[in-house]
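Below is one structure, written out as structure tokens; comments come after it.
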Amino acid sequence: MAASSINRETVRDAVYTLLYAKLVTGGITDKTYGYKVDDFATPVSVVVVTNGGVRRVQNFADDTWDTWVLLDVWTFTLASLEDDSWTRANAEDKRDLIEKSIADCYEDNYSNDTWLKLEYDGDTETGEDDVKELGGHHYLIERIPTRVYVPRG
């Protein structure tokens, strides 16, 4: 029988779809992407799901691979606007809501038909040096390391 390993893209797309439904359809973020984007065209908040790697472990019970798909979920929140209609305080509150909403989404979808586990893979990363300029605007950034366990046995 020919091997049929898990394709990381399938898992990344499924996580993106969950986050899109929770965040964009739920009115929490403006946009969500399943790939790296260089310019957001100035929305207030964006979530991007990118590949972080794959960990494959042989399942000796049936000679298949159990797979951990490692993803990076990046949150981008507009830092402020010059007219003070959007402030740094607004940005911090929005970033907190986005992270909490992602945690809720993971908890609600911890196990399903695609995977056995969907969870954070360590602490999120944020700090004073977490501002990035995109399209002439500054965004607060947070990285949420994510891992998804797909057993094959």
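The values are calculated or read from the model by the stated rules, or taken from the named source; none is laboratory data. Predicted model only: the values in this text are computed from it and were never measured. Reconstructed Cβ throughout: ideal geometry from the backbone, glycine too, with neighbour counts over all protein chains shown. To get the accessible areas, we keep the full protein, side chains included, count just its heavy atoms, and leave off ligands, DNA and RNA. Shrake-Rupley method; radii C 1.70, N 1.55, O 1.52, S 1.80 Å.
Close amide H contacts of residue 117 (hydrogens built in the peptide plane, cut-off under 5 Å, sequence separation of 5 or more or a different chain): 149.
Evaluate the relative contact order of the chain (contact order divided by residue number), counting alpha-carbon pairs under 8 angstrom at least 6 apart; express in whole percent. Can you show the working numbers first?
On the way: 293 pairs, mean separation 38.1, N = 153.
Reported relative contact order: 25 percent.
May I ask you to give the percent of accessible area on the chain that is carbon plus sulfur, with a probe radius of 1.4 Å?
Working: 3900 of 8420 Å².
Using a 1.4 Å probe with all protein chains present, the chain comes out at 46 percent carbon and sulfur.
Packing-wise, with mean Cβ within 10 Å as the measure, how do 116-124, 81-89 rank, highest first?
Working: 116-124: 13.9, 81-89: 10.3.
Ranked by mean Cβ neighbours within 10 Å, highest first: 116-124, 81-89.
What's the angle, to the nearest 10 degrees (0 to 90), between helix 88-108's Cα axis and the longest principal axis of the chain? Compared with the principal axis, the helix lies near 20 degrees. Near residue 110: Cβ cut-off under 10 Å, other residues only, Lys/Arg at +1 and Asp/Glu at -1. The net charge is -2.
In the chain, helical runs assigned H by DSSP with n ≥ 4 each contribute -39500 (n - 2.57); averaged across all residues and rounded to the nearest 500, the mean residue ellipticity at 222 nm is -7000 deg cm²/dmol. If you take the square roots of the eigenvalues of the alpha-carbon gyration tensor of the chain and sort them as a ≥ b ≥ c, do you get rounded (a/c under 1.5), prolate (a/b over b/c) or oblate? Verdict is prolate for the chain. Here the extension length gained between residue 123 and residue 59 equals 20.2 nm, from 0.36 nm per residue of separation less the Cα-Cα distance. Multiplying the residue separation of residue 87 and residue 133 by 0.36 nm and removing their Cα-Cα distance gives an extension gain of 15.0 nm. Kindly express, to the nearest 10 degrees and within the range 0 to 90, the angle between helix 8-19's C-alpha long axis and the longest C-alpha principal axis of the chain. The two axes meet at around 40 degrees.
Close amide H contacts of residue 79 (hydrogens built in the peptide plane, cut-off under 5 Å, sequence separation of 5 or more or a different chain): 138, 139, 140. Summed over the residues of segment 76-126 and divided among them, the accessible surface reaches 60 Å² per residue at a probe radius of 1.4 Å. When only the Cβ of Lys, Arg, Asp and Glu is charged (+1, +1, -1, -1), the dipole of segment 52-153 relative to its Cα centre reaches about 480 debye. In this entry, segment 29-103 is assigned a mean projected area of 6.5 nm², taken as a quarter of its C-alpha convex hull surface. Counting charges near residue 57 (Lys, Arg +1; Asp, Glu -1) among other residues having Cβ under 11 Å from its Cβ returns a value of +2.
Take the residue pairs 31/100; 36/132; 94/132; 31/117; 22/100; 36/94 and return only those whose Cα atoms are more than 19 Å apart.
31/117; 36/94
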